[in-house]
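Engineer: Starting off with a structure, shown below.
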Amino acid sequence: MWLKDAKMLRIHGCYAQTELGHGSNVPGLETTATFDKTTDEFVINTPTITAFKFWPGELGKFATHAIVFARLIIDEKDYGIQSFLMQIRDVKTHRLLSGIVAGDIGPKYGFNMKDNGYMAFNHIRIPRNHMLNRYAEVDREGNYRELGNLKILYTVMQSIRILIVRMAFTTLAKGLTIAIRYAIVRTQFKDKHGSNEERPIMDYLTHQFKLIPLLSQTYAFMFVCRRLQNEFASLKKKIKQGDLSEIGLMHTISS
Ligand SMILES: Cc1cc2nc3c(=O)[nH]c(=O)nc-3n(C[C@H](O)[C@H](O)[C@H](O)COP(=O)(O)OP(=O)(O)OC[C@H]3O[C@@H](n4cnc5c(N)ncnc54)[C@H](O)[C@@H]3O)c2cc1C
């Protein structure tokens, strides 16, 4: 339904899981998706301030659509967290759709080119087939059925956490390459042993002290990232074979 437009970059997505009150504790999310049998729709709502979506990248300004994680409620029974695809902005005007409040969370310590955002819903209606139903589904009569193990959904955030480690070391590596190259060509003060040449600032211990520990940290992050990527690849293979036993371990390591 959305893949063609996404591939053509006509629509842009974001991943709206985290809320102001709940980050690590995904089962504690408060956004609700209540099934309305009379209209065959889900009603997506933000019941409290702590239920505001908070942090999703691309949500602040860019995304037209979002995968929204919410508690599935059918006949007042809580079926836990499910994911729903929702349009949040008009694809032509880029204005927020009625009933949705969203924006950029503002300046951060780093990563300021990313429009991490916040979002709340005021009883937004979406068709039943907007619930992502690879692992669980709701039929026209409101019967809920699990089709696989829902733990698999948690692996999405694990891959993002590994990506954050990767971004940390690649960003550090870029900055350090510039700083170290500069320290080798930038010269200050003549050698006190008689040479007329000025010395590269990299020769000075105080300057090395600023750069070398960061360089070793960059390598450490790189090795951690490689290890995590390998572990995640083997986890995905095991999941395909139906073995979910290592999801918990990966969750702990990547947290
Ligand atoms: C740059 C960036 C991009 C992000 N992008 C997205 C995105 O696209 N979509 C999205 O949905 N979210 C996104 N997030 C949110 C991210 O998923 C959460 O920040 C993360 O899940 C942690 O939640 P929290 O920040 O609420 O921290 P908390 O859950 O409050 O945790 C705070 C600290 O307590 C520790 N802690 C928590 N529980 C336990 C426990 N049981 N045992 C031991 N220690 C514990 C944590 O390890 C952490 O150190 C992003 C965050 C950042 C920083």
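Engineer: Using only Cα atoms and rounding to the nearest 10 degrees, what angle (0 to 90) does helix 155-185 make with the longest principal axis of the chain?
Structural biologist: For 155-185 against the chain, the angle is about 20 degrees.
Engineer: Rounded to the nearest Å, what's the spacing between the alpha carbon centres of the range 1-77 and the range 107-185? Just the number, please.
Structural biologist: After rounding, the separation between the Cα centres reads 12 Å.
Engineer: How many Å² of accessible area per residue for the chain, probe 1.4 Å?
Structural biologist: Ligands and nucleic acids excluded, the result is 61 Å² per residue.
Engineer: Give the ranking of Met8, Met250, Met167 by solvent-accessible surface, highest area first, calculated with a 1.4 Å probe.
Structural biologist: Of Met8, Met250, Met167, the descending order of accessible area is Met8, Met167, Met250.
Engineer: Could you tell me the accessible area of Phe121 in Å² (1.4 Å probe, neighbours in place), rounded to the nearest ten?
Structural biologist: That residue has around 10 Å² of solvent-accessible surface.
Engineer: OK, next. Once you charge only the Cβ atoms, +1 for Lys and Arg and -1 for Asp and Glu, what is the size of the charge dipole of the chain about its Cα centre, to the nearest 20 debye?
Structural biologist: Around 980 debye, computed over the chain.
Engineer: Which of Phe189, Phe209, Phe69 moves most in a GNM of the chain, Cα contacts under 10 Å?
Structural biologist: Of Phe189, Phe209, Phe69, the Gaussian network model singles out Phe189 as fluctuating most.
Engineer: Between Glu146 and Ser98, how many nm apart are label points set 7 Å from Cα along the C-beta direction?
Structural biologist: In this crude label model, Glu146 to Ser98 measures out at 3.9 nm.
Engineer: Set the Förster distance to 35 Å, then compute FRET efficiency between Met113 and Glu137 from the Cβ-Cβ distance, nearest 0.05.
Structural biologist: 0.40
Engineer: Work out how much length Gln217 to Thr252 would gain on full extension: take 0.36 nm times their residue separation and subtract the Cα-Cα distance, in nm to one decimal.
Structural biologist: 10.5 nm
Engineer: For the range 156-254, how big is the tail of P(r) above 19 Å, as a whole percent of Cα pairs?
Structural biologist: Working: 2783 of 4851 pairs.
Beyond 19 Å sits 57 percent of the P(r) for the range 156-254.
Engineer: Which percent of Cα-Cα pairs in the range 3-148 sits in each 5 Å bin, short to long?
Structural biologist: Taking every Cα pair in the range 3-148, the percentages come to 2, 10, 19, 23, 20, 15, 8, 3, 1, 0.
Engineer: Given 0.36 nm per residue, what is the gain on full extension from Thr50 to Gln229 after removing their alpha carbon distance, in nm?
Structural biologist: Extra length available between Thr50 and Gln229 comes to 61.2 nm.
Engineer: Ordering Leu72, Leu244, Leu20 from largest to smallest accessible area (1.4 angstrom probe), what's the sequence?
Structural biologist: Values: Leu72 0, Leu244 35, Leu20 90 Å².
Ranked list, largest accessible area first: Leu20, Leu244, Leu72.
Engineer: While we're here: From the convex hull of the Cα coordinates of the chain, what is the mean projected area in square nanometres?
Structural biologist: Result: a mean projected hull area of 18.5 nm².
Engineer: Counting other Cβ atoms within 10 Å of each Cβ, which trypsin sites (Lys or Arg not before Pro) in the range 97-153 have at most 12 and sit in a DSSP loop?
Structural biologist: Qualifying residues, ordered by number: Lys108, Arg134, Arg140.
Engineer: I would also like to ask the following. Please arrange Thr155, Thr187 by accessible surface area, largest first, computed with a 1.4 Å probe and ligands excluded. Write down the numbers at each step before the final one.
Structural biologist: Working: Thr155 20, Thr187 50 Å².
The residues order as Thr187, Thr155, largest area first.
Engineer: Follow-up question, since we're still on this one. Out of all DSSP beta bridges with both ends in the chain, state the antiparallel percent to the nearest 5.
Structural biologist: Expressed as a percentage, antiparallel bridges in the chain total about 85.
Engineer: Along the Cα-to-Cβ line of Met1, 7 Å from the Cα, sits a label point; which residues in the range 43-85 have backbone N less than 11 Å from it?
Structural biologist: 84-85
Engineer: Sticking to Cα atoms, compute the Rg of the range 85-142 to one decimal and its Dmax as the biggest Cα-Cα distance, whole number, in Å.
Structural biologist: My reading of the Cα-based Rg and Dmax gives 15.5, 48 Å.
Engineer: Before anything else, pin down the relative contact order of the range 26-117: Cα pairs under 8 Å, at least 6 apart, normalised by residue count, whole percent.
Structural biologist: Values: 162 pairs, mean separation 27.5, N = 92.
Computed over the range 26-117, the figure is 30 percent.
Engineer: Between Ile253, Ala173, Ile201, whose Cα lies farthest towards the positive end of the dipole of the range 156-254 when Lys and Arg beta carbons carry +1 and Asp and Glu beta carbons carry -1, centred on the Cα centre?
Structural biologist: Projecting each Cα onto the dipole axis, the largest value belongs to Ile253.
Engineer: So, one more: Quick one: with all protein chains in place, what share of the accessible area of the chain is carbon or sulfur, to the nearest percent (1.4 Å probe)? The partial results should precede the final answer.
Structural biologist: Details: 9080 of 15610 Å².
Heavy-atom surface of the chain belonging to carbon and sulfur, 1.4 Å probe: 58 percent.
Engineer: Share of antiparallel DSSP beta bridges in the range 3-148, in percent to the nearest 5? Provide the component values of the computation, followed by the final result.
Structural biologist: Numbers: 31 of 38 bridges.
Antiparallel bridges make up about 80 percent of those DSSP assigns within the range 3-148.
The values are calculated or read from the model by the stated rules, or taken from the named source; none is laboratory data. Bear in mind that the values here come from a model prediction, so they are computed numbers and not experimental data. Counting neighbours? That spans all protein chains shown, and the Cβs are built from the backbone with ideal geometry, glycine included. Areas reflect the complete protein model, heavy atoms only, side chains present, ligands, DNA and RNA absent. Shrake-Rupley method; radii C 1.70, N 1.55, O 1.52, S 1.80 Å.
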